[in-house]
Amino acid sequence: MGQSNLASIEPVNSRTLHTLLHTIVDYAGLFPPAGLSMDKAAGLYREYHASTHAWMLGRFVVPVARLDELVRSMEVVGAPEGNAWHLSALMGADHAADVAAALAFNEARHHAVVDVFEVKASTVEEIKAIARVVPHGIKTYVEIPIEDDPRELIGALASEKLRAKMRTGGVVPGSIPATEHVARFIRACYAANVGFKATAGLHHPLRSEHGLSYEADAPRDVMHGFLNVFLTAAFHYNGLTARDTVDLLNATTLDGITMDDEKLAWREYVVTRNEVSTVRRRFATAFGSCSFTEPVDDLINLELLT
């Protein structure tokens with residue numbers, strides 16, 4: 001990975017950077033490549049909530065089928081101090097049963113609350129079926145395939161007032177989608193006014209080559225960067241073109257990016273800190289990562305955080 005032009009992003013810990021990264025990492029330690037036990041993942045999530053960079057931490061990602069297991073682990077690691085944990089619950093094949101289980105979990109008041117659902121769909125009909133059972137008060141992200149043009153599916157999500165989710169990586173070669181497919185997904189979501197989150201493969205801030213798992217002999221591939229994805233989303237609020245979308249997603253350094261307490265800029269595009277806040281609330285909302293420390297440590301190594 002090339003060296004970044006760090007002089008263009010000052011001061012460290014700028015208010016705009018803080019806004020861009022606030023609650024951005026949904027912690028998915030239960031899932032590959034980490035694949036931690038529930039006790040370990042819950043314990044780490046509790047630690048991260050007490051850490052210096054807790055402001056970057058979003059929800060705990062857990063399958064609906066493992067909510068009872070999470071309750072037991074919370075008893076082991078200790079109940080959260082202060083506010084209840086916010087959970088993003090992955091639904092299985094029986095959507096209605098999972099919705100009922102999650103609502104029952106919330107009613108039991110375990111000092112954790114499911115306020116997001118995640119579920120997969122590959123057809124308009126599946127999206128409509130999901131919309132019929134999920135409650136309006138719980139945001140629902142529907143993971144859709146992005147290898148083919150996703151505009152029809154994203155249009156269905158818009159009609160049903162659901163959100164989109166894209167998979168940006170995996171643990172086997174070939175699981176990382178082409179930049180053009182990621183760009184097309186982001187642009188389609190923006191055009192349809194559909195919020196989205198990403199999952200898998202976004203452990204690192206900038207596009208770069210890494211091992212696909214934590215094994216010493218793991219295959220390597222070029223991964224997308226979470227700064228690439230979320231900066232790209234932000235600049236769509238200033239008319240980012242299709243070509244520049246691909247260029248920014250492919251960037252391996254921060255050269256040309258400027259950021260201060262009130263705005264960020266790249267090429268002819270400028271967005272204010274207030275616009276970045278709107279992007280994060282309504283458009284590009286979070287990414288799931290099985291590691292919280294990797295994103296934080298990489299940002300520190302880039303001298304973007306202290």
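The values are calculated or read from the model by the stated rules, or taken from the named source; none is laboratory data. Keep in mind the model is a prediction, meaning the values are calculated, not measured. Glycine gets a Cβ as well: all are built from the backbone with ideal geometry, and neighbour counts include every protein chain shown.
The C-beta contact set for region 67-88 (first residue surrounded by fewer than 16 Cβ atoms within 10 Å (Cβ to Cβ), second residue outside any loop (DSSP other than H, G, I, E, B) and among the small types (Gly, Ala, Ser), distance under 6 angstrom, 6+ apart or interchain) comprises ALA84/ALA112. Out of curiosity, is GLU107 at pLDDT 95 or above and either part of a loop (DSSP other than H, G, I, E, B) or closer than 18 Å to ARG66 by Cα (or both)? For GLU107, the condition - at pLDDT 95 or above and either part of a loop (DSSP other than H, G, I, E, B) or closer than 18 Å to ARG66 by Cα (or both) - is met.
Pairs linking a residue in region 32-56 that is under 21 Å from ASP68 (Cα atoms) to a residue that is among the aromatic types (Phe, Trp, Tyr), with Cβ atoms under 6 Å and 6 or more positions apart or on different chains, are TYR45/TYR27; TYR45/PHE60. Please go through region 188-203 and pick out each residue that is touching a helix residue (DSSP H, G or I) at 6+ places or on another chain (Cβ under 7 Å), of a type outside the set (A, V, I, L, M, F, W, C), crowded, with 19+ Cβ neighbours inside 10 Å and modelled with pLDDT of 95 or more. Those that are touching a helix residue (DSSP H, G or I) at 6+ places or on another chain (Cβ under 7 Å), of a type outside the set (A, V, I, L, M, F, W, C), crowded, with 19+ Cβ neighbours inside 10 Å and modelled with pLDDT of 95 or more: TYR190, GLY195. Looking at this structure, is THR232 among the polar types (S, T, N, Q), buried (at least 24 other Cβ atoms within 10 Å of the Cβ) and out of contact with any Phe, Trp or Tyr (no Cβ under 8 Å at 6 or more places or on another chain)? Yes; evaluated as a whole, the condition is true for this residue. Determine whether region 142-159 contains at least one residue that is surrounded by 15 or more Cβ atoms within 10 Å (Cβ to Cβ), of a type outside the set (Gly, Ala, Ser), within 17 Å of the chain's Cα centre (by Cα) and not in a loop (DSSP other than H, G, I, E, B). So far as region 142-159 goes, yes, one or more of its residues are surrounded by 15 or more Cβ atoms within 10 Å (Cβ to Cβ), of a type outside the set (Gly, Ala, Ser), within 17 Å of the chain's Cα centre (by Cα) and not in a loop (DSSP other than H, G, I, E, B). Of the strands (runs of 3 or more DSSP E) lying entirely inside region 25-99, those containing at least 1 residues that are over 18 Å from ARG167 (Cβ atoms) span 57-63, 85-90.
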